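Below is one structure, written out as structure tokens; the observations come after it.
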Ligand SMILES: NC(=O)c1ccc[n+]([C@@H]2O[C@H](COP(=O)([O-])OP(=O)(O)OC[C@H]3O[C@@H](n4cnc5c(N)ncnc54)[C@H](OP(=O)(O)O)[C@@H]3O)[C@@H](O)[C@H]2O)c1
């Protein structure tokens with residue numbers, strides 16, 4: 001099988017029914033993989049399946065509707081995947097959200113932490129039996145571009161301080177994605193499953209289109225409408241570019257056996273930012289994930 005031929009492999013992309021995730025799913029399906037795309041809206045899911053099948057020229061593309069920010073959604077998603085597939089070669093934890101105000105999921109978990117940290121942690125563990133059945137499975141977790149400074153173990157859920165639209169908590173949780181992934185890679189050593197983190201680069205997606213003026217630093221606000229309405233649609237609408245780093249991390253032989261690495265928007269390996277490598281911060285994030293996922297995982301042995 002050449003790097004571009006993924007026939008016989010199975011991939012799952014969360015947020016694969018829209019934005020960057022959909023282009024990631026399309027690229028994997030075009031290489032012959034069977035692909036499961038996950039979104040919330042059933043109709044959008046069905047349309048995405050048809051669109052990706054048309055591009056890929058095969059019908060091994062299916063949608064599962066599930067809210068990955070809830071434990072119940074993750075449990076049902078894993079069950080649905082297990083009913084259709086007996087192995088999983090690629091898991092792309094792609095869902096990202098940026099929320100102006102602090103909100104909690106049905107499990108009582110702050111929603112950006114749930115989407116960016118708890119969901120990749122829990123889904124990977126729920127699907128581990130399937131991942132371990134593939135010859136060399138890869139987990140790909142998506143991060144944001146701006147490291148969010150040090151991880152604050154006293155504010156992991158934005159309980160003390162939550163700055164929504166300034167991307168502050170968004171960046172904080174994305175740094176936690178990196179910390180959790182680095183720790184996950186260590187835990188998976190010897191299992192044949194690797195876990196890496198990628199930055200997609202900017203793409204003009206539904207998430208970005210919804211960015212209001214107040215999300216921009218004050219100095220940039222006068223030019224923000226130009227950026228959002230003219231520059232971004234002109235230069236950032238080709239989401240195949242934004243999907244490149246996820247596809248690279250999911251398929252490139254350059255990353256055979258590589259785990260715990262960071263891949264930037266140009267598919268280059270870069271060091272993880274220092275805050276993501278802080279052992280105390282990693283421990284705090286990991287412990288919180290273990291505790292919050294306990295209702296579905298029943299506990300996870302130490303990494
Ligand atoms: N766009 C950028 O410039 C940029 C930059 C840096 C990093 N990123 C990261 O790249 C990833 C993809 O970003 P994007 O801009 O493509 O996002 P997006 O356009 O908002 O993604 C939309 C997709 O995510 C699904 N989705 C949203 N919330 C979900 C949930 N709770 N459960 C299941 N599916 C859900 C949507 O399904 P429905 O349509 O059914 O709701 C749709 O399939 C994110 O992790 C983001 O943080 C993006």
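Just so it is clear, none of the values below were taken in a lab; they were calculated from the coordinates. The shown structure was predicted, so the numbers you read here are calculated from the model rather than taken from an experiment. Positions of Cβ are backbone-derived with ideal geometry, glycine not excepted, and every protein chain shown enters the neighbour counts.
Brief remarks follow.
- As a rough footprinting exposure proxy, the listed residues 113, 121, 167 were ranked by other beta carbons within 10 Å of their own, and the order from fewest upward is 167, 113, 121.
- Computed from label points 7 Å out along Cα-Cβ, the spacing between residue 54 and residue 227 is 3.4 nm.
- Rg followed by Dmax, in Å, when the chain is reduced to its Cα trace: 18.0, 53
- Protection proxy ranking, peptides 36-49, 270-283, average beta carbon neighbours within 10 Å, highest first: 36-49, 270-283
- In terms of packing, defined here as the mean over residues of other Cβ atoms within 10 angstrom, the peptides 240-252, 74-86 line up highest first as 240-252, 74-86.
- Relative contact order, whole percent, for the stretch 73-203 stands at 31, derived from Cα pairs under 8 Å and 6 or more residues apart.
- Taking other Cβ atoms within 10 Å as a rough exposure proxy, 116, 125, 202 sort from fewest to most as 202, 125, 116.
- Taking the stretch 27-105 and dividing mean pair separation by its residue count, relative contact order in percent (alpha carbons under 8 Å, at least six apart): 26 percent
- Here the residues 227, 90, ranked from fewest to most Cβ neighbours within 10 Å of their Cβ, fall in the order 227, 90.
- Rounded, prolate or oblate (a/c below 1.5 giving rounded, otherwise prolate when a/b exceeds b/c) for the stretch 139-295 by Cα gyration tensor: oblate
- Its relative contact order, with pairs defined as Cα atoms under 8 Å and 6+ residues apart, puts the stretch 139-261 at 34 percent.
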